[in-house]
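Please read the structure below before turning to the comments.
Any read-out appearing in this document is the output of simple, stated calculations on the displayed coordinates, not a laboratory observation. Keep in mind that what you see is a predicted model, and the values were worked out from it rather than measured. Cβ coordinates were reconstructed from backbone atoms using ideal geometry, including for glycine residues, and neighbour counts include every protein chain displayed.
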Amino acid sequence: SQTEPYTCGACGIQFQFYNNLLEHMQSHAADNENNLASSQPRSPLTVVEEKWKPQLQRNNTNNTSASGSVGNSAIPEKERQNIAERLLRVMCTDLGALSVVSGKEFIKLAQTLVDSGARYGAFSVTEILGNFNTLALKHLPRMYNQVKVKVTCALGSNACLGIGVTCHSQSIGPDSCYILTAYQVEGNHIKSYVLGIKGVDIRDNGDFIHHWVQNVLSEFVMSEIRTVYVTDCKVNSSAFSKAGMCLRCSACALNSVVQSVLNKRTLQARNMHEVIELLNVCEDLAGSTGLSKETFGSLEETSPPPCWNSVTDSLLLVHERYEQICEFYSRAKKMNLIQNLNKHLLSNLAAILAPVKQAVIELSNESRPTLQLVLPTYVKLEKLFTSKANDAGVVSKLCHLFLEALKENFKVHSAHKVAMILDPQQKLRPVPPYQHEEIIGKVCELINEVKESWAEETEFEPSTKKPRAAGEATAAQEEDWFGKNEVYDYLQEPLFQATPDLFQYWSCVTQKHTKLAKLAFWLLAVPAVGARSECVNMCEQALLIKRRRLLSPEDMNKLMFLKSNML
């Protein structure tokens, strides 16, 4: 039988392992100690006790020389901790500061500040504080635990049914790393916490990543918490499915759709040589100067996510900026490139691919919920490919291939269906009527799966009205317990005409649609896309630290955790 979880007496958060509880309690103690020290008024006696040098030296003309012999113990430990915290904040602002804070110029700056601000004369920074890197990293575990306890408390106090977790890789040249991020609703906003970052070898398999994810998560949340995972294609989704629902990153999925159709080997095998030639010409036109964006302008105001690495970009750039590119190459007297371009095929392909890229950008929006857009995106693209599949020639062939690739790579999970229905502007509108009952059934299934989570919350308990026959619930009450009546009541309400703030909407109707509101605050916090805009920068910094061996992998992970969650 499973052992009882260990509970923190200070905040009520539960842990599977006793060591995690001890670490958590130590962080509480350190945090309380710091808060107490900063909030207590400093009496004159306390100030005297904390003086770094005897008061007799205050007006001593030989102050500087006398202070040079002051030992390390002359500075109270609290002051050393404060300095270490400031150094860690500098490092987290820019991880390039790892090498800067031990440089001569930084030491000179610190020395000048100490000389100017010291109340009782100057002293040698290097003698008193030693190596700044060493000082900061000595206090890294303490600060990591302080921030970690706040993140743990935030995730543990989640009033919703569960959390969303993304595990996504980012490649920088031959190296890559995984970033693990947790998402939940706080107030009416999605809050994300980077829980871990790990450099990985190409040879590491999906099971290896799964074990790392579960180990990290066990330090922050109980295993009972319901989790929706969003992963890239390199992760073994079946392993994650045992721990919760596992969805594929939508940007990765659409990228795979395009890559599988426009793969040059595949096109060659299908004798679609004109498409290969068009792709080659577009790559030459867009990339021969090496300044495509600077020369012709960027295609979109919002960039696609880091995991969108598609062959379509050069094609769309040439189509969008065709006139400017013609003018550019005519001045350079290289019109032979333009003459080899199949303008008709370019227009037809752009009409297919531009909506795909736009869908990726919409699905990767980081400022609002996106999971509810996945199924409507699938329906929209399916209609697009079907409508053009009847065209003549190569475009028809391509659209049939896109339809096959969409069904193969862009999988719609029940979580996507439930999320769509939770958008009052959409509900069931994007899908044909014959799918309505199935999706309503998925909503009720999910309510049934998670209804145990409401058992301890009186406001979410089903009606306690006595049944007609003693000991037997009526069919209507049983149906309401599964939430079917509530779902139909919600669906009968008119659709929103304007785009609503989804969390604001569900906050207002929580009493009316209790079960659906609980689902909404869980599922709508889960992102459709696993990679975020800061992934590239974080991985670049992490891999730079790894290559230069500036920190151990454990310290690098802790510093990246602070960078993401402290500032």
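Estimate the FRET efficiency between Asn263 and Ala332 by the formula 1/(1 + (r/R0)^6), using the beta-carbon distance for r and 41 Å for R0, to the nearest 0.05.
Working: r = 31 Å, r/R0 = 0.76.
That gives a FRET efficiency of 0.85.
Computed from backbone phi, the HN-Hα couplings of segment 433-443 come to x, 5, 8, 4, 4, 4, 5, 4, x, 5, 4 Hz, rounded to whole numbers (Karplus: 6.51 cos²θ - 1.76 cosθ + 1.60, θ = phi - 60°; Gly and Pro given as x).
For segment 378-455, the Kirkwood hydrodynamic radius from C-alpha pairs, put into Stokes-Einstein at 10 °C and a viscosity of 1.306 mPa s, yields a diffusion coefficient of 109 µm² per second. In plain terms, the chain from Lys546 to Cys233 could stretch by 110.2 nm, reckoned as 0.36 nm per residue minus the Cα-Cα distance.
Once the mean of 1/r is taken over each pair of separate Cα atoms and inverted, segment 131-188 shows a Kirkwood hydrodynamic radius of 14.4 Å. Over all distinct Cα-Cα pairs of segment 492-559, the Kirkwood formula returns a hydrodynamic radius of 15.9 Å.
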